[in-house]
Amino acid sequence: MVTAAILRESAEMDAALPAWRRLADHSLAPAGLNAPELVMPLLRGLPGAELAVVKQGNDLLFALPIKKRRFMPALFTNWMTDLTIIGEPHLDREFPAAGLTSFINHLKSPILLHSLKVNGPFWNQLARQDAQVSILKSWERAALNLTGTYEAWAESNFGAKRRKEYRRLTNRLSEMGNFESVSLEVGRDCKPWVADLLALEAAGWKGKRGTAIATNPALHAAFKDSCQFLAAAGKLRFWKLALDGKTIASTYAIVEGDQAWLHKIAYDEAYAKFSPGVLLVLYATERLFAESGVTFVDSCAIPGHPMIENIWRDRIKVADVMIAPNSIGVKRFAMTLKAERLRRAARKIASDTYNFMRGRKRS
């Protein structure tokens, strides 16, 4: 018997965690930024989110963190935080139609799913649904297809002059002291790595702007717990650049199935002239090429990101999609869609004006 539900209480979510982990292991497509190890500490520590599930006995066929938006337009969305930016659910690979159909038909309002991978397995399953579906926005962001070797990729990706510049920057840092590129070893404690990344982010422009993770105590605590759970599950990768033992750049990725998501990156701005962010991404890329079983990496970056798009030349097309069951009338769906487009347009004007006046960077 297949039943859909929205779990609101912590005890309900905790009870569903083992089944959610099993679902993630045999999902139709990986959904690493909604991995239970990442999301559960956030659900426990940050208010307002719920877990939409479809159950079949003791198993789950569908799982996605969602949130009810009560202002205009009133609808559901996938839960968006600084750490969870995609709307890809975990969907059982053996019974994808049953899981997705039950979820959609259980909805009492439209739902907006952000940043779905276009033409991915979930997207193709959604296209076969007897439901109302409309794309609000689509765009591309940097990605990395892991085929061949790192050496071959670097030679084809960059000209000789650029490769020489990267070597020069590395040599300059090496002249200043003991310069190292380091990976977190499997089984080692990730807490010092997490602390270094958070400290670097808080000391940089995000800290000054008030958007660093450390400026939000609840998010800060949840992120540290998430990293420990991800590491214990074998889903966390961390890389850093260190000079005389001091971390000057740090980043991490979440791995699930054959995919990875590069996420936060931070560096010591005192070394900005040496492009530590670029050198760190190159090192992370080299390690990802050596990663057994991973074939694709999503940068999770904004479109047109000036650093990552000049390094990773592959692209992933993603889209924001509104979905509703047919029980929600066509007129109501169209009105919700129109209201959301108007809200986005007004928000963009306000945001662009404010950022222009403040001289802010995009993030």
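The values are calculated or read from the model by the stated rules, or taken from the named source; none is laboratory data. All figures in this text were calculated on a predicted structure; none of them were measured in a lab. Note that each Cβ is placed from the backbone with ideal geometry, even for glycine, and that neighbours are counted across all protein chains shown. These area figures cover heavy atoms from the full protein model, side chains too; ligands, DNA and RNA do not enter into them. Shrake-Rupley method; radii C 1.70, N 1.55, O 1.52, S 1.80 Å.
Before moving on, here are some points about what is shown:
- For region 348-361, the condition holds for no residue, the condition being that it is at pLDDT 95 or above, open to solvent by 50 Å² or more (accessible area, probe 1.4 Å), in a helix (DSSP H, G or I) and not small (G, A, S).
- Residue in region 328-337 that is touching a helix residue (DSSP H, G or I) at 6+ places or on another chain (Cβ under 9 Å) and either part of a helix (DSSP H, G or I) or open to solvent by less than 40 Å² (accessible area, probe 1.4 Å) (or both) present: yes
- Looking across region 100-122, the residues that are surrounded by 18 or more Cβ atoms within 10 Å (Cβ to Cβ) and either free of Cβ contacts under 8 Å to residues at least 12 places away in the same chain or closer than 30 Å to E309 by Cα (or both) come down to L112, L113, H114, S115, L116, K117, G120, F122.
- Residue list for region 287-310, restricted to those being part of a loop (DSSP other than H, G, I, E, B), touching a residue at least 60 places away in the same chain (Cβ under 8 Å) and over 25 Å from H114 (Cα atoms): A290, E291
- Condition check for F229: under 25 Å from Y271 (Cβ atoms), surrounded by 15 or more Cβ atoms within 10 Å (Cβ to Cβ) and aromatic (F, W, Y): no
- In region 166-212, the residues that are closer than 16 Å to T251 by Cβ, at pLDDT 95 or above and in a helix (DSSP H, G or I): P192, W193, V194, A195, D196, L197, L198, A199, L200, E201, A202, A203
- Within region 239-277, considering residues that are of a type outside the set (A, V, I, L, M), open to solvent by 60 Å² or more (accessible area, probe 1.4 Å) and part of a strand (DSSP E or B), the one farthest from T295 (Cα to Cα): K246
- Each residue in region 146-190 was checked for being farther than 19 Å from N310 by Cβ and touching a helix residue (DSSP H, G or I) at 6+ places or on another chain (Cβ under 7 Å), and 8 pass.
- Top-ranked residue of region 129-145 - restricted to ones that are in contact with a helix residue (DSSP H, G or I) (Cβ under 7 Å, 6 or more places away or on another chain) and hydrophobic (A, V, I, L, M, F, W, C), ranked as nearest to I302 (Cα to Cα): A142
- Selection of region 91-149 for residues being of a type in the set (A, V, I, L, M, F, W, C), within 17 Å of A63 (Cβ to Cβ) and not in a strand (DSSP E or B) yields F95, A97, A98, L100, F103, I104, L107, F122, L126.
- Sub-6 Å Cβ pairs linking a first residue in region 251-273 that is under 16 Å from G234 (Cα atoms) and at pLDDT 95 or above to a second residue that is open to solvent by 30 Å² or more (accessible area, probe 1.4 Å) and hydroxyl-bearing (S, T, Y), at least 6 apart or interchain, are D258/T295, ordered by first then second residue.
- Test result for A284, modelled with pLDDT of 95 or more and either outside any helix (DSSP H, G or I) or at positive phi (or both): no
- A single member of A52, A16, A4, A29 is assigned to a strand (DSSP E or B), buried (at least 20 other Cβ atoms within 10 Å of the Cβ), modelled with pLDDT of 95 or more and not β-branched (V, I, T), and it is A52.
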